[in-house]
Structures are given as structure tokens and as C-alpha cells.
Amino acid sequence: MKANTSILPFYTDINLQNHRRSYAYGQTYPLYCETSYVPPFQIIRAHRNNGVSSAFLFDLDGNYVTNLYTSLSDTGLVVKSFTDYDVIVYPAWLPFGYSIPEGRYYIRLSDGVDNWFSDVFTVVGDISPYLKIEWWDEEDFIFQGGRIVYEYDGSNKFHNKVYFDTELGKPDYDFEEEGEKRDGIFFPEKQISEKTYRCTALAPEYLLDVMRMIRMADHVLVTDKYGRQYTSDTFLMTPKWEVQGDLASVEMEFTTDSILKKLPYVKLFPINIKGDFNDDFNNDFDITE
């Protein structure tokens, strides 16, 4: 599978980093993370017995910053082995014992056979102003030639987690009605009102590759900058490529538990008949609602 499947992608050639591509014009996309973390990632490799042997952190200019091997190992880095391939998994659940200074970085990872270079991520001191989207499955997502490991540690599932500099706003309110029309009058049998949340953010191709799986995920959780959480029932993204070729403006929309449903009260035709049944001038057929 050639498309990327990791929030933080890794390449065997550093020149494949997104900002090094000719159409990026040297611009670096800000893949945000907190100061005591690196973004979650997974790397699919050929099956072998080697574990991860080194993990070094470099800044955007290629200057060595620190050795991450112990920090990654102590906070959940594992190698999951399968018949024909392995998956190196880092869940980014726990913080390191120190803070990485704000800036832009990449990781060089090795298992003694292959070397991998991550794309660039941006460490920020305060992650709370950003919109967070998390998604995960109950079981591993298996595709031709590999998988995304969600069965990480018993009931603990691997979560994809990404932050965007955007806000939810200008929702749509869709209305659906079922019923039938009789004698020119519509009688509703079921009415549904649905609120659709929306936001727009920029994203490069490697992130769009991963985000297309959100719609297929078993669980999707959106958290805004006020700490409000939304459990998404449906999720749709629509990318529109910008003039700068490496970025797309992504329109994201989702629905949650804001759906209102009503089975309307059936109101009969009003009865207001006053008259005489047999012309005997009494009220034997005087019916008033």
C-alpha cells in the first residue's frame, strides 16, 4: 500500500519529507504536538527479529538535539510481529520525563537494518487552542501488505491523534420529514432535525491519506479549544487543493448526538357541524367540537 497510514509518516529517504518536495517551496507544515510528546506513529517493515536500536531527534536544519530511544521505549514503543511483516508502534500516551523546547523536529529511527526519517512535526508549549481529532477501531485495520495496529495492549487501543489550528463554527441544521398528503393537507409521520458541525483546516497529502480513514473508524472523538468533546457519528472531509501544491484546504463536517426525532401528534379534522337531521327543528344532529 503506497498511501501513508501514520499520523507521523516515516520514510527510508529523508528527501521524501513533505517540505523537501519541489511543489512545497520549502514551506513546512505544522504537525502540532505537546512539549513532552512526539506524535503517534506506526511503521510497517519486512518481518525480522530486530528491535528498534536507536531513535535520534533532529531540528529542522538537521542539527542533533537528543537521543529519544529511552524515552520512546519507556512510554510504549513496541514491535508487533506478524507472518510476513512487523509493525513498529508508538502510541504517544504517556509524556516524557522532560519537555522538548518549542520548535520543528524530525526523528531518525533505526533497527540496525533500515533507517527511517520522520516528517517534520511542530512542538508547541500550549496545545489547548487547537482542535483535536482522535479516531480508533476495536480491531486492527488490515489491508493488503500490512495493517494499522489498534490491538495494542488488551483493552488499551492505539489512537490516531491530530491537532488543527481551527475552530468549529457555522453549523448546518438539516430537517427530514416523512409522511403523506391527503386532500391537500400534509400529515407528518416522522420528523428529524440534525445539527452538522463544520470546520476548515489546511493539510498536506500525507495527512489526508490518514484522515480518509476517519469515516471508516469505529470511534471518532473531536475536542475543541474549550475542552468540549463531541462523539462523531458520521465524518466527511472534502479537500480543495491550494495554489501552493502541497497543501489542501480541508472542509470537515460531522454529526453527533444532537439529532432530534419526533413522531408528531395526529390531529383529526375538526368537527364543527351544526344543523338539523330530519327537519324537525330540534338539535338531534347538533355536534360541536
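The values are calculated or read from the model by the stated rules, or taken from the named source; none is laboratory data. Being a predicted model, the structure only gives us computed values, none of them experimental. A quick note on method: Cβ atoms are made from the backbone with ideal geometry, for glycine too, and the neighbour counts reach across all protein chains shown.
If you go through region 66-79 one residue at a time, do you hit one that is assigned to a loop (DSSP other than H, G, I, E, B), out of contact with any strand residue (DSSP E or B) (no Cβ under 7 Å at 6 or more places or on another chain) and hydrophobic (A, V, I, L, M, F, W, C)? Among the residues of region 66-79, not one is assigned to a loop (DSSP other than H, G, I, E, B), out of contact with any strand residue (DSSP E or B) (no Cβ under 7 Å at 6 or more places or on another chain) and hydrophobic (A, V, I, L, M, F, W, C), which makes the answer no.
Here is a yes/no grid of residues against (1) of a type outside the set (Lys, Arg); (2) modelled with pLDDT under 95; (3) under 30 Å from Asn63 (Cα atoms):
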| position | (1), (2), (3) |
| --- | --- |
| Phe117 | yes, no, yes |
| Phe121 | yes, no, yes |
| Ile127 | yes, no, yes |
| Ile133 | yes, no, no |
| Gly145 | yes, yes, no |
| Ile148 | yes, no, no |
| Glu151 | yes, yes, no |
| Gly154 | yes, yes, no |
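Within region 52-64, the only residue that satisfies the criterion of being in a strand (DSSP E or B) and either exposed (fewer than 13 other Cβ atoms within 10 Å of the Cβ) or touching a Pro at 6+ places or on another chain (Cβ under 8 Å) (or both) is Tyr64. Only one entry in Val149, Val120 is among the aliphatic types (A, V, I, L, M) and in contact with a His (Cβ under 9 Å, 6 or more places away or on another chain), namely Val120.
Would you mind stating whether Thr200 is within 22 Å of Tyr230 (Cα to Cα), of a type outside the set (Lys, Arg) and part of a strand (DSSP E or B)? Here the answer is yes, as Thr200 does meet what is asked.
The condition (being surrounded by fewer than 12 Cβ atoms within 10 Å (Cβ to Cβ) and either over 28 Å from the mean Cα position of the chain (by Cα) or among the hydroxyl-bearing types (Ser, Thr, Tyr) (or both)) is satisfied by just one residue among Asn67, Asn49: Asn49. Selection of region 85-96 for residues being in contact (Cβ under 8 Å) with a residue 40 or more places away in the chain and surrounded by fewer than 15 Cβ atoms within 10 Å (Cβ to Cβ) yields only Pro95.
Report, by residue number, each residue of region 127-184 that is without any contact (Cβ under 8 Å) to a residue 40 or more places away in the chain, assigned to a strand (DSSP E or B), among the acidic types (Asp, Glu) and in contact with a Lys or Arg (Cβ under 9 Å, 6 or more places away or on another chain). Glu151, Asp174, Glu176, Glu177, Glu178, listed by residue number. Here is the figure for region 222-243: residues that are in a strand (DSSP E or B), surrounded by fewer than 17 Cβ atoms within 10 Å (Cβ to Cβ) and of a type in the set (A, V, I, L, M) total 1. Between Leu208, Leu247, Leu221, the distinction of being farther than 30 Å from Ser22 by Cα, at pLDDT 80 or above and among the aliphatic types (A, V, I, L, M) belongs to Leu221 only. Flag set for Gly26, criterion: in contact with a Lys or Arg (Cβ under 9 Å, 6 or more places away or on another chain), small (Gly, Ala, Ser) and free of Cβ contacts under 8 Å to residues at least 40 places away in the same chain.
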